[in-house]
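Visitor: Could you have a look at this structure, given as structure tokens, before my questions?
The values are calculated or read from the model by the stated rules, or taken from the named source; none is laboratory data. Bear in mind the structure is a predicted one, so any value in this text is a computation, not a measurement. Cβ placement follows ideal geometry from the backbone for every residue including glycine, while neighbour counts extend to all protein chains displayed. We work out accessible area using only protein heavy atoms, side chains counted, and drop any ligands, DNA or RNA first. Shrake-Rupley method; radii C 1.70, N 1.55, O 1.52, S 1.80 Å.
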Amino acid sequence: LRPPIPVPQTLTSLLPSSHSYRGLTLVLTFLSYTSYHLSRKPISIVKSQLHPNCSALGPNPHNDSNSTTWCSWAPFDGDNYKELFGALDNAFLVAYAIGMFLSGIFGERLPLRYYLSGGMVLSGLFTALFGLGYFWDIHVLWYFIVVQVCNGLVQTTGWPTVVACVGNWFGKGKRGLIMGIWNSHTSVGNILGSLIAGAWVSSDWGLSFVVPGIIIAVVGIICFLFLVEYPEDVDCSPPVHHVMTTSEKDPEAVTSNEGPLSLPGQSSVGHSNSPKEPAEEPEAISFLGALRIPGVVEFSLCLLFAKLVSYTFLYWLPLYIVNVAHFGAKEAGDLSTLFDVGGILGGIFAGLISDYTGGRATTCCVMLVVAAPMLFLYNHVGQNGIGTSIAMLIICGALVNGPYALITTAVSADLGTHESLKGNAKALSTVTAIIDGTGSIGAALGPLLAGLISPTGWNNVFYMLIAADVLACLLLARVVVKEARGWCGPMARQRGYVVS
């Protein structure tokens, strides 16, 4: 048996019920991943300060410097500054994508609380080191690249761990809605990161990184002290991940109840209500074993393209607003937060609808289909006025981040506790890491492609984003068809038709 991780006795006395522990888990994991995204956002805000329009600042005080780039921060003062920004983004995101596939495996085998807290403290260190380059007057590209690579690797400790913790405490019932609300931490972190970074971007941009680094390290220490990984660690009953179907022999009924995540012909297996009996701890699932779970491959590939779009906005939207709408760095950063406000609404809406319909894949596809024309409209009419820009940013944020949020939370938890695992919940972190790791490949490609394409015009960047949205939708086509068949089966039986 796995020995329980000791929990402070003062906490146990304050939180006597499982409902209180669930609430505590939600709050701590919410704050945890909010701080992760809070520490990732500053780079997008600071970009416009590393290579600003120097002519707008007045005469050149340094006669021996280039008159147009004298205020830029070397090595980002050349004409290839967009490519260098893309390299910074790519260094973080490629390291993140590679590390994510390994992180889930480690997360299944190490205490989640130690793994999460250690990763957060290290993330704070490397985030602060990037900002310290300002105070140490560092102007070599390799320093910033190395810091980004290290930060990308240690930040992979976050997502598989927080999803596993939440999945351990919450069953499937209203998982989409609960996780849709909980997943707003992504957008809240982006918003706070934009506001915090914007406070110092025009004066001491190094503090735009140092302050978020301190915040994530402090939150990591709090999680180490108070996070409870498993209900069993505090003598609480584990949640029911699957509900017995009305007919064990009816594969269509199983498909209807469980959506695309069921194996035809199998009944769902819930946790026994009988008294607990000692049992051997199940082994963690292998990488290939996780890939065999129905739906993992489809949702992983869909997330690759969905996350490509989301992270392109995350890293390039403030600079796009500066170049197209001609706002200052702080104003562009503040305006870009509206995209994340839309993401909060989109994540909640996607979770609510998918819970009601049972169609995770269908919900994602509908939002992705509508997102494509909205992105086209934002690029062409989104800067016609401040009111239009605000409305389009919120709408695009909801449609782009809604599917991304649903897949990385409720879908990952559904697949990680899939009935084909026969009660083995040790796959949750691995499945989450596979899905988010595949998505992170897209997250690395998006900003890189934006850096390469943007010199040819922002229109081409948006055409790339629209194409990615369409591909994300197409990759879920098989799962959507399976969901549709699950809905049609009960309807046909009610009308007296025979379903083959």
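Visitor: Taking Leu57, is it at pLDDT 80 or above and either open to solvent by less than 70 Å² (accessible area, probe 1.4 Å) or over 24 Å from Gly442 (Cβ atoms) (or both)?
Guide: Values: at pLDDT 80 or above: no; either open to solvent by less than 70 Å² (accessible area, probe 1.4 Å) or over 24 Å from Gly442 (Cβ atoms) (or both): yes.
No, not satisfied.
Visitor: For Trp169, which of the numbered conditions (1) farther than 30 Å from Asp355 by Cα; (2) of a type in the set (Phe, Trp, Tyr); (3) open to solvent by less than 10 Å² (accessible area, probe 1.4 Å) fails to hold?
Guide: The one condition Trp169 does not meet is (1).
Visitor: So Phe126 passes all but one of these: (1) more than 15 Å from Trp73 (Cα to Cα); (2) modelled with pLDDT under 95. Which condition number does it fail?
Guide: Status for Phe126: all satisfied but (2).
Visitor: Just to check your reading of the model, which residue among Thr186, Thr161 is under 16 Å from Gly437 (Cα atoms) and in a helix (DSSP H, G or I)?
Guide: On the way: Thr186 fails: under 16 Å from Gly437 (Cα atoms).
One residue alone meets the criteria, Thr161.
Visitor: Which one of these does Trp200 not meet: (1) open to solvent by 10 Å² or more (accessible area, probe 1.4 Å); (2) touching a Pro at 6+ places or on another chain (Cβ under 6 Å); (3) at pLDDT 85 or above?
Guide: So the condition that Trp200 fails would be (2).
Visitor: Does the range 294-304 include one or more residues that are open to solvent by 10 Å² or more (accessible area, probe 1.4 Å) and assigned to a loop (DSSP other than H, G, I, E, B)? Explain how you work it out, then say what you get.
Guide: Filtering the range 294-304 for residues open to solvent by 10 Å² or more (accessible area, probe 1.4 Å) gives 294, 297-298, 301, 304.
Narrowing the set further to residues that are assigned to a loop (DSSP other than H, G, I, E, B) leaves 294.
Yes, the range 294-304 has at least one match.
Visitor: While we're looking at this one, here's another question. Determine if the range 107-119 includes at least one residue that is within 19 Å of the chain's Cα centre (by Cα) and without any contact (Cβ under 8 Å) to a residue 60 or more places away in the chain. Show your work before the answer.
Guide: The initial filter retains those residues of the range 107-119 that are within 19 Å of the chain's Cα centre (by Cα), namely 107, 112, 115-117, 119.
Next cut, without any contact (Cβ under 8 Å) to a residue 60 or more places away in the chain only: 115.
There is at least one residue in the range 107-119 that is within 19 Å of the chain's Cα centre (by Cα) and without any contact (Cβ under 8 Å) to a residue 60 or more places away in the chain.
Visitor: Let me spell it out: the conditions are (1) modelled with pLDDT of 90 or more; (2) open to solvent by less than 10 Å² (accessible area, probe 1.4 Å); (3) within 30 Å of Phe226 (Cβ to Cβ), and Leu112 meets all of them except one. Which number is the exception?
Guide: The one condition Leu112 does not meet is (1).
Visitor: Turning to a different aspect of this structure: List pairs: first in the range 67-92 and closer than 18 Å to Trp316 by Cα, second modelled with pLDDT of 85 or more and open to solvent by 30 Å² or more (accessible area, probe 1.4 Å), Cβ under 6 Å, 6+ apart or cross-chain?
Guide: Every condition considered, the pairs that remain are Ala91/Ile145; Ala91/Val149.
Visitor: In the range 336-362, how many residues are among the aromatic types (Phe, Trp, Tyr) and more than 15 Å from the chain's Cα centre (by Cα)?
Guide: From the range 336-362, those among the aromatic types (Phe, Trp, Tyr) are 339, 349, 356; that's our starting set.
Then drop every residue that is not more than 15 Å from the chain's Cα centre (by Cα), which leaves 349, 356.
So the answer is 2.
Visitor: Take the residues of the range 224-246 that are open to solvent by 20 Å² or more (accessible area, probe 1.4 Å) and among the aliphatic types (A, V, I, L, M): which is modelled with the lowest pLDDT?
Guide: Residue satisfying both the conditions and the ranking: Met244.
Visitor: If a residue has to be buried (at least 22 other Cβ atoms within 10 Å of the Cβ) and either farther than 23 Å from Met464 by Cβ or basic (Lys, Arg) (or both) to count, how many in the range 382-404 make the cut?
Guide: Qualifying residue count, the range 382-404: 0.
Visitor: Of the numbered conditions (1) under 17 Å from Leu303 (Cβ atoms); (2) at pLDDT below 85; (3) surrounded by fewer than 24 Cβ atoms within 10 Å (Cβ to Cβ), Ser429 fails exactly one; give the number of that condition.
Guide: So Ser429 meets the others, but not (3).
Visitor: Have a look at Ser194, Ser203 and point out the one that is polar (S, T, N, Q) and not in a helix (DSSP H, G or I). Working first, answer last.
Guide: Values: Ser194 fails: not in a helix (DSSP H, G or I).
Going through Ser194, Ser203 in turn, the sole match is Ser203.
Condition check ((1) of a type in the set (A, V, I, L, M, F, W, C); (2) closer than 29 Å to Val479 by Cβ; (3) at pLDDT below 90) across all residues:
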position: Ser286; (1), (2), (3): no, yes, yes
position: Val296; (1), (2), (3): yes, yes, yes
position: Ala306; (1), (2), (3): yes, yes, no
position: Leu319; (1), (2), (3): yes, no, yes
position: Gly328; (1), (2), (3): no, no, yes
position: Val341; (1), (2), (3): yes, no, no
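Visitor: Moving to a separate point now. Report yes if Ser48 is of a type outside the set (A, V, I, L, M, F, W, C), at pLDDT 90 or above and either outside any loop (DSSP other than H, G, I, E, B) or surrounded by fewer than 17 Cβ atoms within 10 Å (Cβ to Cβ) (or both), otherwise no. Steps first, please.
Guide: Working: of a type outside the set (A, V, I, L, M, F, W, C): yes; at pLDDT 90 or above: no; either outside any loop (DSSP other than H, G, I, E, B) or surrounded by fewer than 17 Cβ atoms within 10 Å (Cβ to Cβ) (or both): yes.
Criteria not met by Ser48.
Visitor: Going through the range 1-25 one residue at a time, which ones are assigned to a helix (DSSP H, G or I), modelled with pLDDT under 90 and open to solvent by 20 Å² or more (accessible area, probe 1.4 Å)?
Guide: Result: Gln9, Thr10, Thr12, Ser13, Leu14, Ser18, His19, Ser20, Arg22, Gly23.
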